[in-house]
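Chemist: Can you read through this structure? Questions will come right after.
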Amino acid sequence: MTALWIAIGVWLAAWALNVWLSASPISQTRLGKLLVPLVFGATVLVLWEGLVRGLGVAPVILPAPSAIAAKIAVSLPILWQDFAQTILKGAIPGFLIGAGAAFLVAIAIDRSPFLQRGLLPIGNFVAALPIVGLAPILVMWFGFDWQSKAAVVVVMVFFPMLVNIVAGLQASERMQRDLMATWGASYVQTLVKLRLPAAMPFVFNGLKIASTLALIGAIVAEFFGSPVYGMGFRISTEVGRLGLDMVWAEIAVAALAGSALYGLIALIERWVTFWHPSQRH
Amino acid sequence: MKRLLTAAFLASMASGASAEDVKLQLKWVTQAQFAGYYVAKDKGFYEEEGLNVTILPGGPDIAPTQVIAGGGADVIVEWMPAALAAREKGLPLVNIAQPFAKSGMMLTCLAETGIKEPKDFADKTLGVWFFGNEYPFLSWMSQLGFKTDGSPGGVTVLKQGFNVDPLLQKQAACISTMTYNEYWQVIDAGIKPEDLVTFKYEDQGVATLEDGLYVLEDRLADPAFQETMVKFVRASMKGWKYAEENPDEAAMIVLENDQTGAQTEQHQKRMMGEIAKLTAGSNGALDVAAAEQTVATLLAGGSDPVITKAPEGAWTSVITDKALAN
Amino acid sequence: MKDKASQPVIEARGLNLVFQTADGPVQALKDVNLTINQGDFVSFIGPSGCGKTTFLRAIAALEHPTSGTLTVNGMPPDEARRRRAYGYVFQAAGLYPWRTIAGNIRLPLEIMGFSRAEQDERTARVLDLVELTGFGKKFPWQLSGGMQQRASIARALAFDADILLMDEPFGALDEIVRDRLNEEVLKLWARTGKTIGFVTHSIPEAVYLSTKIVVMSPRPGRITDVIDSPLPKERPLDIRDSREFIEIAHRVREGLRAGHHDD
Amino acid sequence: MNRALPVLTVLTGIVVIWYAAAVWMNAAWVFDQAQRAGQEVTWAEVIPQTMDQPRPLLPPPHQVGAELWKGLFDQAVTSKRSLVYHGIVTLKGTMMGFGLGIVVGVLLAMAIVRFRVMDLSVMPWAIISQTVPIVALAPMIITVSSQLGLSGRDVPKAVIAAYLSFFPVLVSMVKGLRSPDQMQLDLLKTYGAGEAATFLKLRLPASMPYFFASLKVAVAASLVGTIVGELPTGAIEGLGARMLIGSQFGEPLIMWAALFAAAILAGLLILVVGMVERLARRRMGVPA
């Protein structure tokens, strides 16, 4: 029980520290903006550790963070292999193909208002569907290896991307399109010089949504058949073996990968859409 | 490993549940594989013993071991390899009864792949269930001397989903099937028995004990709980014997209890017939020789052994002795 | 119809333009007749909805008349647009936020296929013309509103179109900035001799800038008066206190009022 | 008509492609079977055989339609074979998750807008939480909730659904609560309004359009969460469970029908939420 009290004590102290930090000028700096959430994250881990130890929670139910960290340390090769299979082979190619295909389709239907009017409501609708239910079907079609995982990701990513890109292509102001017209710009010139740059905030919004969908898709698809490695495989089999420390290790990797992917996209977004009001500070 | 269960959990178990309430966690979805329990419930055998039994169906990602660890069930239906592995992980499961005398697991291969005997598995892709069910397979492969990492001369293992598609789509040369379930799905899909080659684990000498009843060791120390389990096992076995004798009626009872509404009468009746072959000859008491054979098979599990040492106290005849006494 | 002496650039004859809206057809222009000559500075003035912007857009082929004829340099507006006859300046600067000021000015030049060297040369020249030299590398949002509007004028000047069309270009700016820009526009006009079409709400602005003031009235949009200004080409700011100036302003105001009495 | 025509055209196109794909994909099985039987088959014989296989690789639209019809209308709604029954189970989970998601999202947003320390410490983690594939957590959530004495499947499902649906609400509410500009805030200050009054009279009403706009996204996310929750958490009822069961028993038709039932449910939910949104906007005088 002492562990629990210590943890609660640490929690309160850290929270007080955070309150002080966010009130002080430090929080205006870049360091402060990083420090406060890190302190918060650390206290959550401490509290978790304290709860598990203090209440003597069985490791087959909820392992302590320290146990998970220890598991990560000894399982790096396996984690890397799973990461490569699920993220590098399944999620990322699927993400790129899905986003790329959505881009091409958006451009292809751009000149046909008829097709747009037909496809957009359908795209909007499909984007709201639980596409993940297609996973078992796609595993049946594309086999058990990474191809089917990538296929699931492609389908999940495609529609949100399509809807965002089409909306983005319509985002340029009328005045700016009129200007292009007075200069006698061709369709391609208007597209390249005006409409694509103006669409970028929407495209990145779509990419951010798609990045989280990609991970979910790749992992869920592995529940329906996979080789004997991959994050989804590991999670589902280790639950069966009561290797919960390994499950949490995979979750940590997934969270890290997801955050890294999201962060990377946000970084590129900053660089590409530096001009957008939301990016100017 | 002493403080396995939380204090809170133990407290809630002691106060929350009345002695005669029993929660049974099944290993899989409602189907004739568990007919005995459903029959015992529907025919009032549990009631006669004064028990109030709740049957919890399982599913693809439900590990009964985890459910019982979390306090979600009092007794679970589990395969011995998974139970022993959990025991080694620190979850002290004990087998209290073994309604299934024989193993129904086999590997079903397409004849056109040229597989005639186990040594032909080399360089083929084999579908295996994981989630605790892979242990007998890994032992078998290790006995055959096949590596399972996909290296040349070994076998490539694929984690089979919950259906027989990998075989129909020819993604795997062989897949895991149960005599009572998936094998018939292959047949139903339109493949003739003569186009298939099957290897029963039973015949290959790597059989492990399947559906047994397991409880937590700590709780078994409580005489009241022991008494409840005696009643439970007695009523369950009565249900099993009734199901064996009236397979069609048993199948219909299962069907009525199926919450998914996806089971068919034809499939369940046929399954019941096959299940009866596996439960035949078991009165519920565990055949210690078969259990030791299971342990031996698992210990032979090669580089990644399922269990590293022979378990102690992983089964007890206390319950069945009392249950069968009168 | 061409009169060689006065060299008409824009000619509208019996022009009508009807918009189909959800509430039924709206007559934006009714029976508009107007000739604009080479080198004219023409202001269009009138209350909102009088069709002055629509007329400007029709000249630039951004709207298409329902009936009547409209020629620019003796050809249909579409054709003239293809020959890059217009520089257009809107009320908002309409600069592309992802391009620098120089990049914005270069944009029409890129589209029209000028060589890189010529792009640079012209960009530098027009930046100098609007007194923005040294700001080429800034992004639009880093400049004040008045500077942005000057950049957008520079952009319209960069490719040497015959006709400069300005749709309330200074409407959003404060009085002092506006005065200065008005002076600059006049200087530009004097230096380049371009034909300018200028839409405004402001009577002093119209009188100060124009050689010809077109007064319009709404519902349906039509021309009620065309005033040829007798003011000299050289116009210091204090010309606005002169008697002639006040007289013209008075006539414009009367014209506007008459248009209002009509409905 | 003007708006329906393009949609209908695209739908027709999809159906045509679907049929073509069904013939192409299902033919392999027919040829295989013929080969096993040692027969030759021509395409003319194959095509009809691709239209009504019991286990098609890709069931043609009419087969899915028939199965869907059977599931929706040919059963008593209380029957476990009725898709309406399973749809209601899924709907219940979705609504529970949706409600929970709204409550969590709104409360967090209020705390984040009020307390700088919450903004700094919680907001980054809220974003990170969405990058964690929820399915990985599903088995955990079941275990933990069963340990807390919640053995039913409803709660874990709702938790997963809420996990996905709280985020759009949170983001929109933070934006909405911060949407009043300094002038409006100053004005209230001149009236001597306290923090509570400012919140009730200004921030809260100002955030409403943002709130309603987020609901559509949140309800769709909640449905995805519920279905995902029904897949691996071994729920035995609900559309997600039907999909899984269809897959497990090798009954693709059940799977496809459940998939389309889920699509219909999603459509209905979005329609209802859209209607609520329009109604609310009209009451607040915002043109829809």
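Chemist: Just name the residue that is nearest to A:Arg234 (Cα to Cα) out of those in the stretch B:158-193 that are β-branched (Val, Ile, Thr), surrounded by 24 or more Cβ atoms within 10 Å (Cβ to Cβ) and more than 8 Å from chain D (Cβ to nearest Cβ).
Modeler: Per the stated criteria, the residue is B:Ile175.
Chemist: If I filter the stretch A:235-278 down to residues being open to solvent by 30 Å² or more (accessible area, probe 1.4 Å) and over 20 Å from the mean Cα position of the chain (by Cα), which single residue comes out as farthest from A:Ile78 (Cα to Cα)?
Modeler: Ranking the candidates gives A:Pro277 first.
Chemist: Which condition from (1) part of a helix (DSSP H, G or I); (2) under 18 Å from the mean Cα position of the chain (by Cα); (3) more than 22 Å from C:Asp162 (Cα to Cα); (4) among the hydrophobic types (A, V, I, L, M, F, W, C) is the one that C:Phe245 breaks?
Modeler: Failed condition: (2).
Chemist: If I filter the stretch B:20-73 down to residues being of a type in the set (D, E, K, R) and either part of a helix (DSSP H, G or I) or not assigned by TED's automatic domain parsing to the domain that holds B:Arg87 (or both), which single residue comes out as surrounded by the most Cβ atoms within 10 Å (Cβ to Cβ)?
Modeler: Within the stretch B:20-73, the match that is surrounded by the most Cβ atoms within 10 Å (Cβ to Cβ) is B:Lys41.
Chemist: To continue, here is another question. Looking at this structure, is A:Val60 open to solvent by less than 60 Å² (accessible area, probe 1.4 Å) and in contact with a Gly (Cβ under 7 Å, 6 or more places away or on another chain)?
Modeler: yes
Chemist: Restricting the search to the stretch B:66-96, which residues are of a type in the set (A, V, I, L, M, F, W, C), within 12 Å of chain D (Cβ to nearest Cβ) and within 17 Å of the chain's Cα centre (by Cα)?
Modeler: B:Val67, B:Ile68, B:Ala73
Chemist: Moving to a separate point now. Can you confirm whether A:Val228 is within 14 Å of chain B (Cβ to nearest Cβ) and either on the phi < 0 side of the Ramachandran plot or open to solvent by 10 Å² or more (accessible area, probe 1.4 Å) (or both)?
Modeler: Considered against the rule, which asks whether it is within 14 Å of chain B (Cβ to nearest Cβ) and either on the phi < 0 side of the Ramachandran plot or open to solvent by 10 Å² or more (accessible area, probe 1.4 Å) (or both), A:Val228 comes out as yes.
Chemist: Which condition from (1) in a helix (DSSP H, G or I); (2) touching a Phe, Trp or Tyr at 6+ places or on another chain (Cβ under 8 Å); (3) within 14 Å of chain D (Cβ to nearest Cβ) is the one that A:Gly133 breaks?
Modeler: Here A:Gly133 clears every test but (2).
Chemist: Still on this structure, I have one more. Out of (1) assigned to a helix (DSSP H, G or I); (2) in contact (Cβ under 8 Å) with a residue 12 or more places away in the chain; (3) more than 12 Å from chain A (Cβ to nearest Cβ), what's the single condition that is false for D:Leu137?
Modeler: Checking D:Leu137 against (1) assigned to a helix (DSSP H, G or I); (2) in contact (Cβ under 8 Å) with a residue 12 or more places away in the chain; (3) more than 12 Å from chain A (Cβ to nearest Cβ), the one that fails is (3).
Chemist: Can you pull out every residue in the stretch C:133-155 that is among the small types (Gly, Ala, Ser) and surrounded by fewer than 24 Cβ atoms within 10 Å (Cβ to Cβ)?
Modeler: C:Gly134, C:Gly136, C:Ser144, C:Gly145, C:Gly146
Chemist: Please enumerate the residues belonging to the stretch B:278-326 that are of a type in the set (Asp, Glu) and modelled with pLDDT of 80 or more.
Modeler: If the condition is that a residue be of a type in the set (Asp, Glu) and modelled with pLDDT of 80 or more, then B:Asp287, B:Glu292, B:Glu312, B:Asp321 are the ones that fit.
Chemist: If you take the residues of the stretch C:101-132 that are assigned to a loop (DSSP other than H, G, I, E, B), touching a residue at least 40 places away in the same chain (Cβ under 8 Å) and closer than 18 Å to C:Arg150 by Cβ, which of them is most open to solvent (accessible area, probe 1.4 Å)?
Modeler: For the stretch C:101-132, the residue satisfying everything is C:Glu131.
Chemist: On the given criteria, is B:Glu274 touching a strand residue (DSSP E or B) at 6+ places or on another chain (Cβ under 9 Å), surrounded by fewer than 21 Cβ atoms within 10 Å (Cβ to Cβ) and assigned by TED's automatic domain parsing to the domain that holds B:Phe45?
Modeler: yes
Chemist: Which residue is nearest to B:Asp165 (Cα to Cα), if the candidates are limited to the stretch A:184-231 and must be among the basic types (Lys, Arg) and more than 16 Å from the chain's Cα centre (by Cα)?
Modeler: A:Arg195
Chemist: Same structure again: Out of everything in the stretch A:132-183 that is open to solvent by 30 Å² or more (accessible area, probe 1.4 Å) and within 18 Å of the chain's Cα centre (by Cα), what residue ends up being modelled with the lowest pLDDT?
Modeler: Across the stretch A:132-183, the extreme among qualifying residues is A:Phe159.
Chemist: Here is a further query. Out of the residues in the stretch B:124-157 that are assigned to a loop (DSSP other than H, G, I, E, B) and farther than 18 Å from B:Tyr201 by Cβ, which is nearest to the other protein chains (Cβ to nearest Cβ)?
Modeler: B:Gly150
Residue-by-condition table, conditions (1) part of a helix (DSSP H, G or I); (2) within 14 Å of chain D (Cβ to nearest Cβ):
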| site | (1), (2) |
| --- | --- |
| B:Lys231 | yes, no |
| B:Ala250 | yes, no |
| B:Gln259 | no, yes |
| B:Met272 | yes, no |
| B:Lys277 | yes, no |
| B:Ala289 | yes, no |
| B:Glu312 | no, no |
| B:Ala323 | yes, no |
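Chemist: Follow-up. Restricting to the stretch D:22-81, name every residue that is surrounded by fewer than 15 Cβ atoms within 10 Å (Cβ to Cβ), touching a helix residue (DSSP H, G or I) at 6+ places or on another chain (Cβ under 9 Å) and of a type in the set (Gly, Ala, Ser).
Modeler: Scanning the stretch D:22-81 gives D:Gly65, D:Ala76, D:Ser79.
Chemist: Within the stretch B:107-121, how many residues are in contact (Cβ under 8 Å) with a residue 12 or more places away in the chain, surrounded by fewer than 22 Cβ atoms within 10 Å (Cβ to Cβ), touching a helix residue (DSSP H, G or I) at 6+ places or on another chain (Cβ under 9 Å) and outside any helix (DSSP H, G or I)?
Modeler: The total comes to 2.
Chemist: Would you confirm, using the coordinates I've provided, whether B:Val215 is under 23 Å from D:Ala28 (Cα atoms) and either within 22 Å of the chain's Cα centre (by Cα) or part of a strand (DSSP E or B) (or both)?
Modeler: So B:Val215 fails the test.
Chemist: Another question about this same structure. Considering A:Pro113, A:Pro93, which residue is modelled with pLDDT of 85 or more and assigned by TED's automatic domain parsing to the domain that holds A:Ile219?
Modeler: A:Pro93
Chemist: Sticking with this structure for a sec: Looking at the stretch A:138-231, what helices (runs of 4 or more DSSP H) fall wholly within it and have at least 3 residues that are closer than 24 Å to D:Leu58 by Cβ and not polar (S, T, N, Q)?
Modeler: Filter on the stretch A:138-231 gives A:146-169, A:196-222.
Chemist: If we only count helices (runs of 4 or more DSSP H) wholly inside the stretch D:180-257, which ones have 1 or more residues that are of a type in the set (S, T, N, Q) and away from chain B (no Cβ under 14 Å)?
Modeler: In the stretch D:180-257, D:182-190, D:195-198, D:204-230 are the helices (runs of 4 or more DSSP H) which contain 1 or more residues that are of a type in the set (S, T, N, Q) and away from chain B (no Cβ under 14 Å).
Chemist: Condition (residue is farther than 21 Å from A:Ile216 by Cα and among the polar types (S, T, N, Q)) applied to the stretch D:203-223: is it met by at least one residue?
Modeler: Checked the stretch D:203-223: at least one residue is farther than 21 Å from A:Ile216 by Cα and among the polar types (S, T, N, Q).
Chemist: Can you find a residue that is touching a residue at least 12 places away in the same chain (Cβ under 8 Å) and closer than 19 Å to A:Arg174 by Cα anywhere in the stretch C:69-77?
Modeler: Looking for residues that are touching a residue at least 12 places away in the same chain (Cβ under 8 Å) and closer than 19 Å to A:Arg174 by Cα, one finds none in the stretch C:69-77, hence no.
Chemist: What are the residues in the stretch A:94-120 that are buried (at least 17 other Cβ atoms within 10 Å of the Cβ) and within 10 Å of chain D (Cβ to nearest Cβ), if any?
Modeler: A:Ile109, A:Leu115, A:Gln116, A:Arg117, A:Gly118, A:Leu119, A:Leu120
Chemist: Might you let me know whether the stretch D:80-94 holds any residue that is closer than 21 Å to D:Ile227 by Cβ, modelled with pLDDT under 80 and in contact with a Gly (Cβ under 9 Å, 6 or more places away or on another chain)?
Modeler: yes
The values are calculated or read from the model by the stated rules, or taken from the named source; none is laboratory data. Predicted model only: the values in this text are computed from it and were never measured. As a convention, Cβ positions derive from the backbone with ideal geometry for all residues, glycine included, and neighbour counts pool all protein chains shown. Accessible surface areas use protein heavy atoms only, side chains included; no ligands, DNA or RNA. Shrake-Rupley method; radii C 1.70, N 1.55, O 1.52, S 1.80 Å.
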